[in-house]
Amino acid sequence: MKTTLEQWRMFKAVVDHGGYAQAAEAIFKSQSTISYGVHKLQEQLGVQLLEVEGRKAVLTEHGRILLQRAEQLLDQAENIDQVASSLNQGVEPVVRAAIDTIYPNDVLFDVFEAFSAEYPDTRLELEEFVLSGGNEMLLEDSIDILITPQLPSGWNGEHVHRSCFLPVTSPQHPLQHLGREATYDDLTAHRQVVLRDSSRKRRSEGGWLGAHQRWTVTHTSTRVNIVRRGLGFAWLPELLIADDLKSGALQVIPFAQDARRYVDLYLVMAHEESAGPATRALARLLANTDTGCKAAHTTETE
């Protein structure tokens with residue numbers, strides 16, 4: 001005869017609570033039921049799991065080894081029950097989101113932490129992209145939630161974030177030592193570091209492209225590191241480089257006019273009417289974050 005989960009639960013209760021009487025009170029079973037269940041378990045296994053010392057039941061060496069396995073088994077069984085309960089309530093087993101890389105990581109991780117607390121059994125699949133890469137995923141119906149700077153034609157989006165981009169270089173870069181305020185003509189003589197659109201169909205580059213030289217990369221962190229090394233200039237998200245600006249590792253190019261740029265991000269739900277509770281919860285968390293700069297509304301894209 002095979003052992004049962006209930007037998008292992010009773011065995012664990014005896015260990016956790018120090019005896020058969022205490023276990024009976026804790027899990028609302030009679031002492032005789034628990035005593036019989038554990039005795040039968042030992043008989044089936046052919047291994048002694050517990051010894052009675054005084055009035056307390058203690059683990060044998062074999063019991064200690066098997067208890068570790070039993071705890072894993074009971075945890076897995078409990079998790080299966082939770083997942084089944086969630087599915088019965090219409091909770092999705094997985095939510096797929098595509099989010100532009102300029103969305104602040106710290107804010108995103110706070111959202112994920114809150115989402116995990118609400119829906120611990122729902123898997124989250126995150127796609128990170130640049131410019132219009134997420135729009136392709138939306139049109140291919142491979143995601144549930146999109147945060148994008150470029151609303152696809154025919155879709156509505158909720159504004160969730162504004163990112164301020166500053167033109168910066170390393171302190172040693174020639175643009176910091178002109179002896180006067182910089183102009184856009186000055187930029188043309190120096191290397192610009194830009195991002196490539198992650199779309200498979202649109203291989204465009206984002207940002208001002210007036211420089212005669214430019215390097216194109218696919219991730220914002222790569223661009224930041226290149227600029228830190230003094231190898232070029234770029235418009236970078238103010239929130240991302242706040243520590244670099246504070247430490248002096250990066251400096252804003254001293255233009256005569258305000259050279260900041262602003263990018264607005266919008267949240268789009270692929271199937272808003274039929275979205276499940278976990279998808280709606282993630283969308284709500286992403287939309288309720290107070291992030292970004294408060295400049296006048298613009299639609300320029302970096």
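The values are calculated or read from the model by the stated rules, or taken from the named source; none is laboratory data. Predicted model only: the values in this text are computed from it and were never measured. Positions of Cβ are backbone-derived with ideal geometry, glycine not excepted, and every protein chain shown enters the neighbour counts. The area values use the complete protein model at the heavy-atom level, side chains included, leaving out ligands, DNA and RNA. Shrake-Rupley method; radii C 1.70, N 1.55, O 1.52, S 1.80 Å.
What the table shows:
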{"item": "Of residues in region 146-200 being over 30 Å from Ala275 (Cβ atoms) and among the acidic types (Asp, Glu), the one most open to solvent (accessible area, probe 1.4 Å)", "result": "Asp185"}
{"item": "Any hit, region 201-220, residues being over 24 Å from the mean Cα position of the chain (by Cα), outside any helix (DSSP H, G or I), β-branched (Val, Ile, Thr) and surrounded by fewer than 20 Cβ atoms within 10 Å (Cβ to Cβ)", "result": "yes"}
{"item": "Residue pairs meeting the criteria (Cβ under 7 Å; at least 6 apart or on separate chains; first over 17 Å from Val91 (Cα atoms), in region 109-126; second assigned to a loop (DSSP other than H, G, I, E, B))", "result": "Val111/Thr289"}
{"item": "Options Leu49, Leu67, Leu45; residue that is open to solvent by less than 30 Å² (accessible area, probe 1.4 Å), modelled with pLDDT of 85 or more, over 30 Å from Phe115 (Cβ atoms) and more than 42 Å from the chain's Cα centre (by Cα)", "result": "Leu49"}
{"item": "Qualifying residue in region 258-268 (condition: under 21 Å from Arg223 (Cα atoms) and either free of Cβ contacts under 8 Å to residues at least 60 places away in the same chain or among the small types (Gly, Ala, Ser) (or both))", "result": "yes"}
{"item": "Looking only at region 14-42, and only at residues there that are over 44 Å from the mean Cα position of the chain (by Cα) and of a type in the set (Phe, Trp, Tyr), the one that is least open to solvent (accessible area, probe 1.4 Å)", "result": "Tyr20"}
{"item": "Filter result (assigned to a loop (DSSP other than H, G, I, E, B), within 15 Å of Arg96 (Cα to Cα) and either modelled with pLDDT under 65 or open to solvent by less than 30 Å² (accessible area, probe 1.4 Å) (or both)) within region 274-299", "result": "Ala275, Gly276"}
